[in-house]
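Visitor: There's a structure below that I have some questions on.
The values are calculated or read from the model by the stated rules, or taken from the named source; none is laboratory data. If you're wondering where the values come from, they're calculated on a predicted model, not measured in any experiment. Counting neighbours? That spans all protein chains shown, and the Cβs are built from the backbone with ideal geometry, glycine included. All accessible areas refer to the heavy atoms of the entire protein, side chains included, with ligands and DNA or RNA removed. Shrake-Rupley method; radii C 1.70, N 1.55, O 1.52, S 1.80 Å.
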Amino acid sequence: MTNIQRDKIDIPVTSFEEVILARQLVRELMERLGFSLLAQTRIVTAVSELARNMVVHAKDGRLTATKVTQGARVGVNCIFQDSGPGIEDIDQAMREGYSTTKSLGLGLGGAKKLCGEFNITSSMGKGTKIDITEWVK
Amino acid sequence: MSDIAIIKIGNKIIVPIQNELNDIIAEKLQASILKTIESVGAKGLIIDVSTLSIIDSFMGRLLVDTAKMAQLMGCETALTGMRKEVVLTLVQLGLIISDINTSLNIEDGIELLDRIIRGRND
Ligand SMILES: Nc1ncnc2c1ncn2[C@@H]1O[C@H](COP(=O)(O)OP(=O)(O)OP(=O)(O)O)[C@@H](O)[C@H]1O
Ligand SMILES: [Mg+2]
């Protein structure tokens with residue numbers, strides 16, 4: 001099910017086309033929330049990496065992106081949840097250059113560097129959940 | 001599928017990327033760029049990325065690889081119009097694009113390539 005509202009996006013990410021859609025929708029949301037162009041570029045790049053990882057390495061991926069507030073602060077939170085194989089050794093997967101698909105292995109570690117807050121939990125055979133938050137400066 | 005124009009001008013080909021490409025279309029574009037370099041014997045390749053609002057590790061690597069392959073075919077590449085936010089993000093991501101020629105716009109890119117091609121023939 002696809003659900004796109006003003007301050008909340010909830011979409012499946014199972015194809016490269018949906019990776020592009022995820023990027024566009026997060027950018028629009030961040031624009032509305034008043035993020036700088038640089039912040040939009042950084043977070044949308046991270047979204048692209050994490051969304052692609054769900055397509056390449058997992059299945060049944062979903063992205064939920066929402067407006068969050070904390071006192072006067074406004075931010076965006078994105079949750080990438082899949083039912084893929086999970087990641088056995090998260091530290092290893094996060095390391096630059098580690099890839100099980102002979103790719104660059106930049107995606108996961110790179111995405112973390114691009115986001116203010118980054119949380120990853122994974123369980124073998126069940127799936128992976130990555131939760132990122134960025135606040136408007 | 002969005003068709004991307006590959007424009008031949010003199011000894012160069014120019015590829016203005018018009019919109020965000022998904023991974024499969026980007027790989028097809030790489031293949032058709034290399035095919036065109038071969039068939040027209042291009043000495044210079046300009047890939048204009050000014051419309052791309054992001055370049056992630058996949059696209060970044062594809063661009064760097066395309067430039068390397070073009071070079072092996074005797075064709076120099078200039079990447080033109082990369083937005084400054086995109087450059088900053090690529091650096092932060094850890095993708096090194098310093099071994100690829102870049103220019104502010106297509107016009108500067110043509111000049112740069114002319115200089116490189118001339119230098120090589122001297
Ligand atoms: N959602 C996921 N589910 C299962 N495994 C994953 C997931 N995301 C990443 N991984 C694992 O972590 C490794 C590192 O991921 P990372 O994105 O850094 O590199 P990559 O996807 O292999 O290459 P690229 O540089 O092209 O992104 C992957 O090779 C894969 O084994
Ligand atoms: Mg990846």
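Visitor: Taking Cα pairs under 8 Å and at least six residues apart, what relative contact order does segment B:57-122 come out at, in percent?
Guide: 37 percent
Visitor: Here is a follow-up. Can you tell me the relative contact order of segment A:3-135? Whole percent, Cα pairs under 8 Å, sequence separation 6 or more.
Guide: 24 percent
Visitor: Continuing with this model, one more query. Quickly estimate the mean residue ellipticity at 222 nm for chain A, helices only: each DSSP H run with n ≥ 4 gives -39500 (n - 2.57), and the total goes over all residues, rounded to 500.
Guide: -12000 deg cm²/dmol
Visitor: Assigning unit charges at the beta carbon (Lys, Arg +1; Asp, Glu -1) and nothing else, what dipole magnitude in debye, to the nearest 20, does segment B:7-117 show about its Cα centre?
Guide: 200 debye
Visitor: Continuing with the same structure: Over all residues in B:41-54, what is the mean tally of Cβ atoms on other chains that come within 10 Å of each residue's Cβ?
Guide: 1
Visitor: Defining a contact as two alpha carbons under 8 Å apart and six or more residues distant in sequence, what relative contact order in percent does segment B:3-89 show?
Guide: After rounding, I find 32 percent.
Visitor: Calculate, for chain A, the solvent-accessible area per residue in square angstrom, rolling a 1.4 angstrom probe over the heavy atoms of the protein chains.
Guide: Averaged over the residues of chain A, the accessible area is 49 Å².
Visitor: Further question: At a Cα cut-off below 28 Å, give the lysines reachable from B:Lys68, other chains included and same-chain residues fewer than 8 away excluded.
Guide: A:Lys102, A:Lys113, B:Lys8, B:Lys12, B:Lys28, B:Lys35, B:Lys43, B:Lys84
Visitor: Computed over the Cα atoms of the protein assembly as shown, what is the ratio Rg over Rh, Rh following Kirkwood?
Guide: 1.01
Visitor: I'd like the distance separating the alpha-carbon centroids of segment A:25-39 and segment B:44-122, in whole Å.
Guide: That distance is 27 Å.
Visitor: In chain B, if the dipole is taken from +1 on Lys/Arg beta carbons and -1 on Asp/Glu beta carbons about the Cα centre, which of B:Ile17, B:Ala42, B:Ile7 is farthest to the positive end?
Guide: The residue sitting most towards the positive pole is B:Ala42.
Visitor: Here's a follow-up. Percent antiparallel among DSSP beta bridges with both residues in chain B, to the nearest 5?
Guide: Rounded to the nearest five, the antiparallel share is 20 percent.
Visitor: Continuing with this model, one more query. Could you tell me how many degrees, from 0 to 90 and to the nearest 10, lie between the Cα long axis of helix B:23-40 and the main elongation axis, the longest principal axis, of the Cα atoms of chain B?
Guide: Taking Cα atoms only, the helix is inclined about 10 degrees.
Visitor: Still on this structure, please answer the following. Need one number: buried accessible surface between chains A and B, 1.4 Å probe, both sides summed, DNA, RNA and ligands left out, in Å² to 100.
Guide: Interface area, both chains combined: 2000 Å², rounded to the nearest 100.
Visitor: Among DSSP bridges having both ends in the protein assembly as shown, what percentage is antiparallel? Round to the nearest 5.
Guide: Of the beta bridges lying entirely in the protein assembly as shown, close to 70 percent run antiparallel.
Visitor: Share of the protein assembly as shown's accessible area from carbon and sulfur, percent, 1.4 Å?
Guide: Carbon-and-sulfur percentage of accessible area, whole number: 51.
Visitor: Mind listing the long-range amide H neighbours of B:Glu76? Cut-off is under 5 Å, sequence gap 5 or more, other chains count too, H placed in the peptide plane at 1.01 Å from N.
Guide: Distant-sequence amide H within range of B:Glu76: B:Gly44, B:Leu45.
Visitor: Can you give the angle from 0 to 90° between the axis of helix B:106-121 and the longest principal axis of chain B, with both taken from C-alpha atoms, to the nearest 10?
Guide: The helix B:106-121 is inclined about 50 degrees to chain B.
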